[in-house]
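> Structure provided below as structure tokens; questions to follow.
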């Protein structure tokens, strides 16, 4: 979707990316048969597919990066 790191990464590799306003819109387009493939984070894709009762298949991992969450109560390293 717009301003998404995953979409930005794929586009930087020379792949044309059609950007949607939200991940939900991408999933709805996929469900309606308007898209063949979407690029999203695995957890997000699985969550939204479950919400729409849509069966999806993981095809590729373009890039793997650990994610961190830091709160005001802990010191981030």
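> If residue 11 passes every condition in (1) assigned to a helix (DSSP H, G or I); (2) loosely packed, with under 12 Cβ neighbours inside 10 Å but one, which one does it miss?
So residue 11 meets the others, but not (2).
The rows are residues; the columns are (1) at pLDDT 85 or above; (2) on the phi > 0 side of the Ramachandran plot; (3) surrounded by fewer than 10 Cβ atoms within 10 Å (Cβ to Cβ); (4) assigned to a loop (DSSP other than H, G, I, E, B).
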position: 33; (1), (2), (3), (4): yes, yes, yes, yes
position: 58; (1), (2), (3), (4): yes, no, yes, yes
position: 67; (1), (2), (3), (4): no, no, yes, yes
position: 70; (1), (2), (3), (4): no, no, yes, yes
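> State whether the residues of segment 41-52 include one that is in contact with a helix residue (DSSP H, G or I) (Cβ under 6 Å, 6 or more places away or on another chain) and in a helix (DSSP H, G or I).
The answer is yes; a qualifying residue exists.
The values are calculated or read from the model by the stated rules, or taken from the named source; none is laboratory data. Just so it is clear, the structure is predicted and the values come from calculations on it, not from any experiment. As a convention, Cβ positions derive from the backbone with ideal geometry for all residues, glycine included, and neighbour counts pool all protein chains shown.
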